[in-house]
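Step one of this worksheet: look at the structure below.
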Amino acid sequence: MSVKPLSYYRERYIRFQPSPFCPGCGNGTILNCFVRAIDELGIPRERVLCVSGIGCSAWIPSPNLRGDTLHTTHGRAIAFATGAKVYNPHLYTVVFTGDGDGAGIGGNHLIHAARRNIDITVILVNNLSYAMTGGQIAPTTLHGLRTTTSPYGNPEHPFDLVKLAAAAGATYVARWTTYHVVELTRSIKEALRHRGFSFIEVLSQCPTQQRRLFGLRGPMRTLPSRIVEMFAEGTYLRGRPLKGSYLYALPEGDPEEVLRDVGEALRDLEASARLVDHIAFGRVVRVDAEDLEEAAGRLRALGGLRRLADATEGKIEVGVFVEEERPEFTESLREVIRRAEVRP
Amino acid sequence: MLTPGRHLVLGNIACAEGALRAGCRFFAGYPITPANEIAQYMSQELPRVGGYYVQMEDELASMAAVIGASWAGAKAMTATSGPGFSLMQENISYAYMTETPCVVVDVQRSGPSTGQATMPSQQDVYQARYGAHGDYEAVALTPWSVQEMFDLTVRAFNLAERLRMPVLLLADGMIGHMSESLIVPEEVEVVDRRRPTGPECTPFDTDDPSLIPEMPLFGEGYELLVTGSAHRPSGRRDYTPIYMERKLWRIREKVLRAEPEIRDVVEYELGDAEVAVLSYGASARPSFGAVRRARGRSLRVGMLRLRALWPFPEEVVSRLAEGVEEIVVVEMNMGKIIREVERAVCGRCRVSLVSRVGGVLPTLGEVYEAIGRAVR
């Protein structure tokens, strides 16, 4: 990847300053990855059409991004994009959507566009809630999490959007987080080059709403980096063995106390223990140890723990999940025109 | 496409044929009775003229795709019936806000709800006028014959392109499913949207007295900002009241300024009439029969048929009220357009209603009886 100063991208691709997002929002990171991707591919601005719906994600392209933008109704961006792409297939048509917009109210359009394999790239920003409206339950909110409409814990289960898109027929499917900026930029480039329906889910931090969602404490300014670190901790790369050997100790009560006890119990081992934010379990003690079995044995004997969790439990798999070829919709429509013309 | 000349076709086919002649090259739709033949014919004929038929997953998506295609440069349409028309309303509102030319055909059926799917009504006339949220002026045309399904569809496209807005064709299950002769002309008048010529463009305001801005397209390098949120003339989102007030005033006023041109009424024997029958669409047919019978019996009865229902031709009806003693309104609903008539009449003459619902057309006899009561 070539290194260019931020001012280069700002002058070339950004229309208005400042950004409309809350401090620490992941949307800026995603916009950054997107403009780098189109810049590296050398796609001229006038051939990029960004379509979005309603929600914070919709504001990534509109009105900040230079190029054509179509900021539409809630959930329908993919359907609007379908009309534009069919009539002008030369446009690189990119839909920015959120989990509520794209998988909730607009879920039907997502699966049908995937089924058609229309050459549209969907970047779905998943902050696990309806953030713009105040942090309500979304179809991606993890079971048990507290939101403004699930004060006693979410009784629903989330979609696995990668599986959903893949099952519906998307021919390029990836999932990354705002921690994975290099991988995400590469994936956006692959998706733009891909002939067919490409879907990228990006887990993104929302310090404003995820503070409640993840039960995070501490000053607001510390949250963005903490949540991004949580994404690093809470994900594992598809098809790659885990680096190192570690497990998590889930505290019953005060994590600080448990950390002290764990440190004490493992003092004479080649091991280290620290507090981390886990996407599924909250604040937990991560234990890295040479002899993981021995460490686990000692921890099981320890009080103050709910239980132990292994390195991948409750974690989210990231990477590229689908990359395949299938006749593309606008191409098939042109084939329909050829057939109609030869019919007497 | 049909060759120029006379054909015996369904109203729905005439509508689709009119769309093709008007330059429609994109159709997105979702199956619904009694509008299906429009989509079927478009799926067959559009590819032959290099156009695109896309069957969407629902009516929300259909309307969305139509708007997307319009901004990519297509003359685009969809066709549906009452339940589907309800689902389209949010995006029709978006089309008013973004000033997107397109045509929506509602082949009305009997409701509420699923109602009588195969049977006609004129129950969506207010949905056409007020169904979408927010403030706007609607333009809706009401054909009464197969020929008018063709003619008014052409006109709907031309008005949509000229006014830069959605235009509605309010047909009904009877006209849509009726076979009648259609004369396809050698040529039809086709209007295209005004496009910017220079490198600069203000897509959402204009100094032009028509108040209709030029419309740039995606992919032309204008870096378009199209949004359903309140916006400045450039398209940039801005909630400042002056921008939204000006916008709402303009999208209303552009229609009102064009009203004399949109206005489309057919007058019959109104010169010396004491009683006027006012109707539109399918229910104007038995009305016309009744008026002719009454004239045959030397009753001083005339008729006003509305071919453009919205904007309501208030001036015409108001003038009519000066000359007649009673206006008999005939419609296939429980009395909707009669409210507009009463408003225009303002107590200057009597107004009565012949109304049938349940999927049946008012009969010639029923209208004739009402005429009889009106002449006393």
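The values are calculated or read from the model by the stated rules, or taken from the named source; none is laboratory data. Worth saying up front: this structure is predicted, and the values here are computed from it rather than measured. Positions of Cβ are generated from backbone atoms using ideal geometry, with glycine treated the same way; all protein chains shown enter the neighbour counts.
Structural remarks
- Residue in segment A:85-109 that is farthest from the chain's Cα centre (by Cα), counting only those that are in a strand (DSSP E or B) and not polar (S, T, N, Q): A:Tyr92
- Yes/no for B:Ser234 being under 12 Å from B:Met97 (Cα atoms), within 14 Å of chain A (Cβ to nearest Cβ) and not in a strand (DSSP E or B): no
- For B:Arg155, the requirement of being crowded, with 24+ Cβ neighbours inside 10 Å, charged (D, E, K, R) and in a helix (DSSP H, G or I) is met.
- Residues of segment B:54-75 classified as more than 8 Å from every other protein chain (Cβ to nearest Cβ) and within 18 Å of A:Arg338 (Cβ to Cβ), total: 0
- Which listed residue, of A:Arg217, A:Arg186, A:Arg212, A:Arg195, is under 16 Å from the mean Cα position of the chain (by Cα) and among the basic types (Lys, Arg): A:Arg186
- Which listed residue, of A:Thr82, A:Thr121, is over 18 Å from the mean Cα position of the chain (by Cα), under 22 Å from A:Thr330 (Cα atoms) and buried (at least 24 other Cβ atoms within 10 Å of the Cβ): A:Thr82
- For B:Gly134: the one exception among (1) in contact (Cβ under 8 Å) with a residue 24 or more places away in the chain; (2) assigned to a helix (DSSP H, G or I); (3) within 14 Å of another protein chain (Cβ to nearest Cβ): (2)
- Test result for B:Ala128, touching a helix residue (DSSP H, G or I) at 6+ places or on another chain (Cβ under 7 Å) and modelled with pLDDT of 95 or more: no
- Considering the conditions (1) surrounded by fewer than 17 Cβ atoms within 10 Å (Cβ to Cβ); (2) more than 22 Å from B:Ile175 (Cα to Cα), B:Cys349 is excluded by exactly one of them, (1).
- Odd one out for B:Gly115, checked against (1) away from chain A (no Cβ under 14 Å); (2) closer than 26 Å to B:Ile262 by Cα: (2)
- Matching option when the condition is within 18 Å of the chain's Cα centre (by Cα) and part of a helix (DSSP H, G or I), among A:Ala170, A:Ala138, A:Ala166, A:Ala174: A:Ala166
- Single condition B:Met215 does not satisfy, out of (1) over 28 Å from A:Pro20 (Cα atoms); (2) of a type in the set (A, V, I, L, M, F, W, C); (3) surrounded by 17 or more Cβ atoms within 10 Å (Cβ to Cβ); (4) within 26 Å of the chain's Cα centre (by Cα): (1)
- Selection from segment B:246-291 of residues that are out of contact with any Asp or Glu (no Cβ under 8 Å at 6 or more places or on another chain) and in a strand (DSSP E or B): B:Val265, B:Val266, B:Glu267, B:Tyr268, B:Val277, B:Leu278
- Within segment A:41-76, the set of residues being facing another protein chain (nearest Cβ under 8 Å) and in a helix (DSSP H, G or I) comprises A:Arg45, A:Glu46, A:Arg47.
- Near pairs, Cβ below 8 angstrom, 6+ apart or cross-chain, from segment B:288-317 (closer than 19 Å to B:Ala374 by Cβ) to any residue that is part of a helix (DSSP H, G or I) and among the aromatic types (Phe, Trp, Tyr): B:Ala290/B:Tyr368; B:Arg293/B:Tyr368; B:Ala294/B:Tyr368; B:Met303/B:Phe288; B:Arg305/B:Phe288
- Filtering B:Leu163, B:Leu141, B:Leu182 for residues that are crowded, with 20+ Cβ neighbours inside 10 Å and under 12 Å from the mean Cα position of the chain (by Cα) leaves a single hit, B:Leu141.
- Listed by first and then second residue, the pairs linking a residue in segment B:214-229 that is more than 7 Å from every other protein chain (Cβ to nearest Cβ) to a residue that is assigned to a loop (DSSP other than H, G, I, E, B) and of a type in the set (Val, Ile, Thr), with Cβ atoms under 9 Å apart and 6 or more places separating them unless they lie on different chains, are B:Glu214/B:Thr197; B:Glu214/B:Thr202; B:Glu214/B:Thr206; B:Met215/B:Thr100.
- Residue check: B:Ser355 meets all listed conditions (1) without any contact (Cβ under 8 Å) to a residue 40 or more places away in the chain; (2) surrounded by 17 or more Cβ atoms within 10 Å (Cβ to Cβ); (3) at positive phi but one, namely (3).
- The residues on offer are A:Gly218, A:Gly239, A:Gly253, A:Gly244, and the sole one that is touching a residue at least 60 places away in the same chain (Cβ under 8 Å), outside any helix (DSSP H, G or I) and exposed (fewer than 15 other Cβ atoms within 10 Å of the Cβ) is A:Gly239.
- Out of A:Ala114, A:Ala103, one residue alone is modelled with pLDDT of 95 or more and either basic (Lys, Arg) or touching a Pro at 6+ places or on another chain (Cβ under 9 Å) (or both). It is A:Ala103.
- Which listed residue is more than 16 Å from the chain's Cα centre (by Cα) and not β-branched (Val, Ile, Thr), from B:Pro47, B:Pro101: B:Pro47
- Selection status of A:Ala37, at pLDDT 95 or above and more than 11 Å from every other protein chain (Cβ to nearest Cβ): yes
- Residues of segment A:311-344 classified as under 30 Å from A:Lys189 (Cα atoms) and either charged (D, E, K, R) or away from chain B (no Cβ under 12 Å) (or both), total: 19
- On the stretch given as segment A:79-98, residues that are of a type outside the set (D, E, K, R) and facing chain B (nearest Cβ under 8 Å) total 11.
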